[in-house]
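Every read-out reported here was derived from the displayed coordinates using simple, explicitly stated rules and does not represent laboratory data. These numbers come from a predicted model, not from an experiment. Backbone-built Cβ (ideal geometry, glycine too); neighbour counts: all protein chains shown.
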Ligand code: AMP
Ligand code: GLY
């Protein structure tokens with residue numbers, strides 16, 4: 001198969017690495033890719049926003065299959081335009097991508113199919129939203145309806161904080177994404193990420209992970225895209241996975257089919273495991289980043305075959321097997337992230353950090369005069385396997401410590417919850 005992978009982050013490097021190992025692969029292209037992805041693929045300077053240009057590229061290069069990494073092209077309808085041109089694609093149509101693109105859409109679907117999620121209300125003006133907050137009280141969660149690059153959610157400890165978040169949304173801070181606001185109940189519990197490959201009808205459980213969204217150790221400071229992750233998530237026992245499939249994933253697929261938007265691709269459920277069981281916080285229509293970087297090293301089966309199976313409606317005949325080992329990834333970010341990261345600093349020592357069981361997935365990197373430099377916020381994902389999360393953590397930090405990049409920073413406590421659990425079991 002000739003495959004085109006869309007994206008340029010650590011997630012896409014992990015996907016490229018795994019796709020490159022497929023016996024089905026004839027040639028891999030990536031648009032735009034990054035220097036790490038270039039180790040597995042030919043990177044092409046396509047404008048991904050220009051869907052017709054992507055279609056022409058696929059025709060000219062006889063692409064058999066397109067894999068879309070990030071959500072923005074999916075929400076913008078890239079999969080629709082590829083399907084219209086008869087080019088098979090892994091990833092949902094724009095209508096199906098509303099599961100990530102509109103929080104209100106997802107909440108309404110949950111209400112219709114009795115899918116457990118925080119109680120909520122939708123508002124298109126500040127006064128009514130504030131009245132609702134006054135009635136329910138704090139803590140309470142305020143969310144911009146649309147995509148806001150992970151910045152549209154406020155966990156308000158007080159009513160005043162909630163009012164300020166409501167004003168932010170309606171003042172246009174998040175553009176059209178904030179023209180509608182969802183306000184919801186604050187859920188207490190432990191968070192977990194749960195992934196399923198979907199072919200419109202069948203959902204195949206595809207691994208669990210936990211990430212660390214806050215920039216600072218002890219889960220403090222501003223939210224980021226994720227500073228590290230590990231897989232599997234200890235809270236996602238077999239029984240919890242079964243319950244999540246039955247109560248959340250399967251009714252969602254059924255609902256999407258019934259509204260005429262069958263979901264294909266990867267469905268990423270952000271869950272809160274509460275004392276009453278799993279509750280849906282949000283859906284994403286793509287792999288998590290950095291969760292993907294800990295799923296791929298654990299996957300024993302052929303990713304490309306599974307993704308093609310999802311696109312072709314064949315998942316009910318397929319299965320996915322995972323290594324018993326845990327995986328953990330530490331994100332190395334450029335100083336200034338998640339605000340304004342410094343660009344251009346030189347990164348050395350990747351070769352000395354690499355070892356069996358270690359993969360360094362690149363995100364915001366670039367080549368300058370033949371050397372690697374930082375070119376974004378999250379820059380490297382140093383990933384290790386180990387029999388336990390504790391051992392994977394030790395191996396990952398040993399590799400991190402061999403990387404020579406004084407302008408980078410990272411959290412020292414990735415995996416702390418799972419490691420604490422492992423220590424308590426000893
Ligand atoms: P989101 O952008 O929807 O992933 O939300 C960002 C983070 O806010 C989530 O990962 C949770 O930690 C937190 N969050 C979102 N909704 C709720 C909720 N209803 N209750 C508690 N925490 C929440
Ligand atoms: N790591 C969280 C996300 O990919 O949304």
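Rounded to the nearest 0.05, what FRET efficiency do residue 394 and residue 342 give with R0 = 35 Å and r taken as the Cβ-Cβ distance? Could you check? Computed FRET efficiency for residue 394 and residue 342: 0.75.
Here 409, 287 are placed in order of increasing Cβ neighbour count within 10 Å, fewest first, which gives 409, 287.
Could you check what % of the DSSP bridge pairs in the chain are antiparallel, to the nearest 5? Could the numbers behind the result be given before it?
Values: 66 of 81 bridges.
The antiparallel fraction comes to roughly 80 percent.
Between rounded, prolate and oblate, where does segment 104-250 land on the alpha carbon gyration tensor, with a ≥ b ≥ c its root eigenvalues, rounded for a/c under 1.5, else prolate if a/b exceeds b/c? Don't skip to the end; give the middle numbers.
Details: a/c = 1.94, a/b = 1.46, b/c = 1.33.
Cα axes put segment 104-250 in the prolate bin.
Taking a ≥ b ≥ c as the square roots of the eigenvalues of the Cα gyration tensor, the chain is rounded, since a/c falls below 1.5.
Let a ≥ b ≥ c be the square roots of the eigenvalues of the Cα gyration tensor of segment 330-424; is it rounded (a/c under 1.5), or, if not, prolate (a/b larger than b/c) or oblate? Present the calculation step by step, with values, prior to reporting the outcome.
On the way: a/c = 2.93, a/b = 1.65, b/c = 1.78.
Note, shape of segment 330-424 comes out oblate.
Provide the packing ranking of 158-166, 61-69, i.e. peptides ordered by the mean count of other C-beta atoms within 10 Å per residue, highest first.
The densest-packed peptide leads the list: 61-69, 158-166.
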